[in-house]
Amino acid sequence: MSTGSEASAYALLADGTTIEIRPARPEDFDAVRDMHAKMSSDNLYLRFFGFSTLAAEQEARRICREPAPGHAALLAVLGGEVVGCGSYEVAGDGSRSAEVAMAVADDMHNRGVGTLLLEHLISLARGQRLHAFTAETLAGNALMLQVFADAGLRAQRALADGVYDLTFPLPAGEADAALGTYRDAVAERERSANVASLRRVLTPASVAVIGASRRPGSVGRAILLNITAGNFPGPVYAVNPSVAELDGVISVPSAAALPGEVDLAVVAVPADAVPGIAERCGQRGVKALVVITAGLGGAARMELLGICRRHGMRLVGPASFGVVNTSMSLDATLAARHPMPGSAGLALQSGGVGVVLLEHLSRLGVGISSFVSLGDKDDVSGNDMLLWCESDTATKLAVLYLESFGNPRKFARTARRVGRAKPVLTVNAGRSAAGRRLAAARNAAAEAPLLTRQALLEQAGVIAAANLGELLDAAALLASQPVPLGPRVAVVSNTRGGGMLAADAFADAGLRVAGLAGHTQRALRDLLPAGAAVAGPVATTAEIAPGIFRQCLELAGADPGVDAVLALTVTTATGDLVPEVCAARPRVPIAATVMDQVEAVRLLRSPDEDDPAVPAYAYPESAARALGHAARYGTWQATPPGRVPDLEGLRPDRARELIAGLLADAPAGGWLPPDPAVELLGCYGVPLADCITVTTEDTVIAAAARFGGPVALKADVPGLVRRRDASAVLLDLQGADEVRRGFRSLQETFGDRLAGVIVQPMITGGVKVMISVLQEQALGPLVLFGLGGAAAYALADRAARLAPLTDSDADDLIHSIRAIPLLPGRPGAPAADIAALRDMLLRISRLADDLPEVAELHLSPVVARPDGAQAVDGRIRIQAAEPADAYLRRLQ
């Protein structure tokens, strides 16, 4: 129960100030006593229900005592001074509840100190399986009552003699609706605090460039010129010890000489000078740093981050390309041209990719709302920028280029929430081994494998393009047109060959050429010559008059079976059709392919500025990919997010007890023997085929006779992972003689290694699938689902999602594999029980989420039949693990 082993964490207060939350230690006694001694008499009365000269010393002794079971105490430290403390003491009545208490220095009220301490105490308590917090608070203690009310937990109140007795049930697990409510409240506080802290980065009142010089082409001077030429409205300073003025900007000799407080300092100095510069900035009261300098070693980066944390400065970089906020004319970058104001919020690790996107999105007319080059992202991260984009009304779509995820679970939760309101786009970079090596050279943290990364992005609703061009194509569509509500696209083309190319591209992009209704086809025939095709794709013929082409687009867009329209044109002697595409008013989103245009993608604009632009692509394949991304996003956005259901028959306490006992006997962990593996799966109600473990010929024959039909024999050999690969599985044995020979064969093959033989009845019919769990270092448990049996490894048909699965996630997993047509049945093969498969996936997901010690789990095969689903074999590997709260408010 002690927090003695807990590490310090930095987090943000409500106003964006960085504060340290750390365990209380005996050596903190004086600081904690002094904080209480300085509290006003009113504050002391509300905290201790009276006045006592000994209260401060007694409370300091209680909080700072040596770690012990049943006691947790945390301090809030700002600028080296203790400004708050929180603790809980576990009740001795066996109720698994604890009394919680907090105190905050007088001058720190209303800044969120108490709420932050309470969140960290709740995280500790849930990790120790406590069920509730209790507290006593005077009715007049409005501040503390507000802290409890804002926590996001339902409180039970009882008022007696002016004192509230409060009880807060703590969320029990992922299926507990109270956990979602609590996390939503925490997430909203995190969003607000993060945005407040980033205002000093993206809306600074003043900026200094440290390292600016007179040398033409130097990094510092280029950034200084961009800031001044961009008409930044606030004071701008240069820091250069050799000059008093630089390009019309006041220059001071050092950061310590900066006049007044400076919100943002852009640092472009040699790598070995960066930590010293940061320290002087912190001492001078600078609020945020953008470090352009690259090449800092690991120790220097840690030193730099530590300086920024101590002084409460947000850090962008190192190796940043700079920051932009077009709404306030801030361009503190190395870009050759100022970006055009617009609607795309960009957060990228690569400065080079950032330059490309700034240029192309400006050229397209999409424009930039904000841009942050994260560089090594030692502090400000993709998660932070998602929160900024969520809150920024100028940002209509968020564009990310991330090589790694600092807190993937929090990223998934944040992206899922942001994506419900506005599109989040990224490039799925690092798909090749060489690309992953290059990413690892920047970030030493473990990066997720490709399948895991894809699962993270798909589950979060992030639009993941395969390359930069595809990203720009999708951004052009989403920035200019509404989101399609489905995959049915009407194609209207003045070239039959172009329509054929579009139809083929649609099949690759997961779209369908919309078949038009009878009344739409009749209306089109009345407009078009006899040689035209009207069923879909619509081929108007090359002689089409411009006005008629526009009518065709509007007729197709009005069809009830159409979710979007693609206008495909080639300029002919009869006229240019592009103006008609701009003038068309279909009721659904529209895109164009102008096959003779030079640009890969551009936005077509009508003379009426209020009309939406139409994205035009040079190739039908590009248009199809963009529409495919948009349609999948629209489907995801319209699909309810689902919930983690409350499953019957779970025994998580027994499962934890079982694993604790196994790890006590074998601290290194390993693959479980059959019996404990079966018991562990049984704790979560996972249906397993009947089996009997035997050690002699007589018992193997008796077991086979008990099943009354053909059986399978499996060797139980400690350490053997893949029985089938090692000839440890014998199938379809019939009668006592075959069973006896099989048993002897396994004895001869494995000798003294054979611990026993598992006897199972043969299961016939159904579809064989596999369900697995892998604990990913960066993301937690990953649930995999795919085709099972002999074809599983050859076809590699599998999909993955992060645990805990919602009911929607489980359905999505089942329908994501290529073999899905096998499950609903076909002639001669009845349909599999999809509901039983969904239930098994949800149970395995809960097991994985509850038990981080389960490093690997494999159910293969799982036989899905009309009457249910059963796992034939289950293998589990365990290892010691410390549960981590991925949603706790703390800076990475």
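The values are calculated or read from the model by the stated rules, or taken from the named source; none is laboratory data. Nothing here was measured: the structure is a model prediction, and the numbers come from that model. When we count neighbours, we look across all protein chains shown, and the Cβ atoms used for this are built from the backbone with ideal geometry, even at glycine. Keep in mind that these areas ignore ligands, DNA and RNA; they rest on the heavy atoms of the full protein, side chains included. Shrake-Rupley method; radii C 1.70, N 1.55, O 1.52, S 1.80 Å.
Restricting region 876-888 to residues that are modelled with pLDDT under 95 and open to solvent by less than 40 Å² (accessible area, probe 1.4 Å), the residue that is farthest from the chain's Cα centre (by Cα) is A881. Whenever a residue of region 173-186 is in contact (Cβ under 8 Å) with a residue 40 or more places away in the chain, its partners that are hydrophobic (A, V, I, L, M, F, W, C) and surrounded by fewer than 16 Cβ atoms within 10 Å (Cβ to Cβ), lying with C-beta atoms within less than 9 angstrom and at least six residues away or across chains, give the pairs A175/L647.
Checked against the criterion of being under 26 Å from V462 (Cβ atoms), open to solvent by 70 Å² or more (accessible area, probe 1.4 Å), modelled with pLDDT of 90 or more and not hydroxyl-bearing (S, T, Y), the candidates A638, A616, A600 yield just one match: A638. Annotation note: of T395, T426, the sole residue that is surrounded by fewer than 24 Cβ atoms within 10 Å (Cβ to Cβ), over 19 Å from the mean Cα position of the chain (by Cα) and not in a helix (DSSP H, G or I) is T395. Is it true that S727 is hydroxyl-bearing (S, T, Y) and crowded, with 16+ Cβ neighbours inside 10 Å? Considered against the rule, which asks whether it is hydroxyl-bearing (S, T, Y) and crowded, with 16+ Cβ neighbours inside 10 Å, S727 comes out as no.
For region 337-344, the condition holds for no residue, the condition being that it is surrounded by fewer than 18 Cβ atoms within 10 Å (Cβ to Cβ), hydroxyl-bearing (S, T, Y) and either out of contact with any strand residue (DSSP E or B) (no Cβ under 8 Å at 6 or more places or on another chain) or part of a strand (DSSP E or B) (or both). Got at least one residue in region 301-309 being open to solvent by 20 Å² or more (accessible area, probe 1.4 Å) and in contact with a Pro (Cβ under 7 Å, 6 or more places away or on another chain)? Looking for residues that are open to solvent by 20 Å² or more (accessible area, probe 1.4 Å) and in contact with a Pro (Cβ under 7 Å, 6 or more places away or on another chain), one finds at least one in region 301-309, hence yes. Could you tell me whether A655 is under 30 Å from the mean Cα position of the chain (by Cα), farther than 30 Å from E458 by Cα and either at pLDDT 95 or above or not in a helix (DSSP H, G or I) (or both)? It is true that A655 is under 30 Å from the mean Cα position of the chain (by Cα), farther than 30 Å from E458 by Cα and either at pLDDT 95 or above or not in a helix (DSSP H, G or I) (or both). Taking region 594-642 as the range and being hydrophobic (A, V, I, L, M, F, W, C) and outside any helix (DSSP H, G or I) as the test, the residues that pass are V594, M595, V598, A600, V601, L603, L604, A613, V614, A616, A618.
Is it fair to say T115 is among the hydroxyl-bearing types (S, T, Y), surrounded by 14 or more Cβ atoms within 10 Å (Cβ to Cβ), touching a residue at least 24 places away in the same chain (Cβ under 8 Å) and outside any helix (DSSP H, G or I)? No, not satisfied. Checking the stated criteria, L315 turns out not to satisfy the condition of being under 20 Å from P423 (Cβ atoms) and crowded, with 20+ Cβ neighbours inside 10 Å.
Rundown of residues vs (1) in contact with a Ser or Thr (Cβ under 6 Å, 6 or more places away or on another chain); (2) open to solvent by 40 Å² or more (accessible area, probe 1.4 Å); (3) not in a helix (DSSP H, G or I), yes/no style:
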residue	(1), (2), (3)
L501	no, yes, no
A507	no, yes, no
A530	no, yes, yes
G536	no, no, yes
L566	no, no, yes
A592	no, no, yes
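For first residues located in region 336-364 and over 12 Å from V323 (Cα atoms), partners that are part of a strand (DSSP E or B) and open to solvent by 50 Å² or more (accessible area, probe 1.4 Å) and lie 6+ apart or on another chain with Cβ distances below 8 Å form the pairs L364/R602.
In this structure, A185 does satisfy being among the small types (G, A, S) and under 23 Å from the mean Cα position of the chain (by Cα). Across region 121-154, the number of residues qualifying as within 21 Å of A172 (Cβ to Cβ) and not in a loop (DSSP other than H, G, I, E, B) comes to 12.
Return yes when H36 is open to solvent by less than 40 Å² (accessible area, probe 1.4 Å) and more than 20 Å from I122 (Cα to Cα) and no when it is not.
Working: open to solvent by less than 40 Å² (accessible area, probe 1.4 Å): yes; more than 20 Å from I122 (Cα to Cα): yes.
Here the answer is yes, as H36 does meet what is asked.
Quick one: is E609 within 27 Å of L361 (Cβ to Cβ), open to solvent by 10 Å² or more (accessible area, probe 1.4 Å) and at pLDDT 95 or above? Taking the combined requirement at face value, the residue does not satisfy it.
Among the residues of region 552-564, those identified as in contact with a helix residue (DSSP H, G or I) (Cβ under 9 Å, 6 or more places away or on another chain) and buried (at least 18 other Cβ atoms within 10 Å of the Cβ) are C552, L553, L555, A556, A558, D559, V562, D563, A564. Only residues that are under 25 Å from the mean Cα position of the chain (by Cα), modelled with pLDDT under 90 and among the β-branched types (V, I, T) were counted across region 815-856, and they come to 1. Taking region 223-247 as the range and being under 20 Å from V291 (Cβ atoms) and assigned to a loop (DSSP other than H, G, I, E, B) as the test, the residues that pass are F232, N240, P241. The residues of region 671-692 that are in a strand (DSSP E or B), under 20 Å from F750 (Cα atoms) and open to solvent by less than 60 Å² (accessible area, probe 1.4 Å) amount to a single one, I692. Restricting attention to region 617-645, the residues being farther than 23 Å from T593 by Cβ and touching a helix residue (DSSP H, G or I) at 6+ places or on another chain (Cβ under 9 Å) number 9.
Residue count for region 165-212 under the criterion of being of a type in the set (S, T, Y) and crowded, with 19+ Cβ neighbours inside 10 Å: the result is 3.
Residue check: is G751 surrounded by fewer than 13 Cβ atoms within 10 Å (Cβ to Cβ), modelled with pLDDT under 90 and of a type outside the set (K, R)? In short, no. Every condition in (1) surrounded by 17 or more Cβ atoms within 10 Å (Cβ to Cβ); (2) touching a helix residue (DSSP H, G or I) at 6+ places or on another chain (Cβ under 7 Å); (3) among the basic types (K, R) holds for R126 except the one numbered (2).
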